[in-house]
Amino acid sequence: MQKIKYNLEVIKNKIEQAAFKSGRKASEVTLVAVSKTVDIEAVKRAHNMGINDFGENRVNELLLKRESLPGLNWHLIGRLQTNKVKDIVGRTTLIHSLDRWKLAQELDKRGIVLGEEVPVLIQLNVSGEEQKAGFEPGELREVLAAAEQFKALRIYGLMTMAPLDSDPERARPIFRELFQLRQKFSDRNYRNVNLKYLSMGMSQDFAVAIEEGANLVRIGSALFH
C-alpha cells in the first residue's frame with residue numbers, strides 16, 4: 001500500500017512538471033495504470049488512491065478484473081485478435097490498439113449488432129520497428145478518410161509506442177511526430193473522427209511524452225513495482 005502511494009506521488013509530480021513544460025495543467029493528462037502484472041487487490045489499492053483508469057493487455061484479464069470492479073474505466077492497450085472482438089465491445093472505455101483495417105471492420109460490425117459505440121485509438125508504428133504492430137504514418141490520411149463508412153466505430157485519437165531505451169530522450173522524436181500527425185489531421189472534419197487523445201509514453205518515458213503533447217500515459221511498473 002505504502003509503496004504504491006509513494007510511487008503515485010512521484011508520478012504525479014513528474015506529470016505536473018511535464019505538463020507545465022508543455023503549457024498545460026496536470027489535470028489535462030490521464031494516467032492509465034497498467035495493471036496487467038498485478039492482482040485485483042493492487043488495483044483496488046490504486047483505485048482507493050484516486051486512479052480510475054486501468055489498462056490491460058489481454059481481453060480475458062480485462063474482463064475478469066472488470067467483473068470485480070465494474071465502475072472503473074477499463075482500457076484495452078494490447079493487441080486485439082479478431083476472435084476476441086465479440087467479448088470486448090461494450091465492455092471497455094477505450095481500445096488503444098486499432099492496428100489494422102480488418103480489425104476496424106470487425107469492431108464496427110460488433111458495435112452495430114449491440115447498438116454500442118466502439119471508441120478506439122489508431123495505433124501508428126511511428127518508430128518503424130518490424131516487430132511492432134500498427135498502421136504506417138503514411139496510411140493515416142487514408143484510414144481517417146475511410147472512417148466515414150463506419151456506423152458504430154469512433155476514432156478518438158492516436159497511439160504509439162517508442163522503442164524501449166534507458167534514455168527517454170531518444171523517444172522524443174517519436175512522440176513529436178505523433179503530435180504533429182494529430183495537428184495535421186485534427187481540423188479536417190472527417191466523419192466519425194475526433195483526434196482528442198494522444199496515448200503515448202510508458203513508465204520509462206512518460207514525462208517526455210507529456211512534454212510532447214501526450215494526454216493519456218500508460219504506466220505500470222513505475223506505479224506497482
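The values are calculated or read from the model by the stated rules, or taken from the named source; none is laboratory data. Since this is a predicted model, take the numbers as computed values, not measurements. Here the Cβ is made from the backbone with ideal geometry for all residues, glycine too, and neighbour counts use every protein chain on show.
Numbers at a glance
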quantity: Residue 86 being assigned to a helix (DSSP H, G or I), within 30 Å of residue 135 (Cβ to Cβ), modelled with pLDDT of 95 or more and out of contact with any Pro (no Cβ under 6 Å at 6 or more places or on another chain); calculated: yes
quantity: Some residue of the stretch 6-27 being farther than 20 Å from residue 224 by Cβ, touching a residue at least 40 places away in the same chain (Cβ under 8 Å), in contact with a helix residue (DSSP H, G or I) (Cβ under 9 Å, 6 or more places away or on another chain) and of a type in the set (Asp, Glu); calculated: no
quantity: Test for residue 42: is it out of contact with any strand residue (DSSP E or B) (no Cβ under 8 Å at 6 or more places or on another chain), on the phi < 0 side of the Ramachandran plot, free of Cβ contacts under 8 Å to residues at least 24 places away in the same chain and of a type outside the set (Lys, Arg); calculated: no
quantity: Candidates 91, 79 - the one that is in contact with a Phe, Trp or Tyr (Cβ under 9 Å, 6 or more places away or on another chain) and surrounded by fewer than 20 Cβ atoms within 10 Å (Cβ to Cβ); calculated: 91
quantity: Output for the stretch 8-38, where each listed residue is surrounded by fewer than 19 Cβ atoms within 10 Å (Cβ to Cβ) and among the hydrophobic types (A, V, I, L, M, F, W, C); calculated: 10, 20, 26
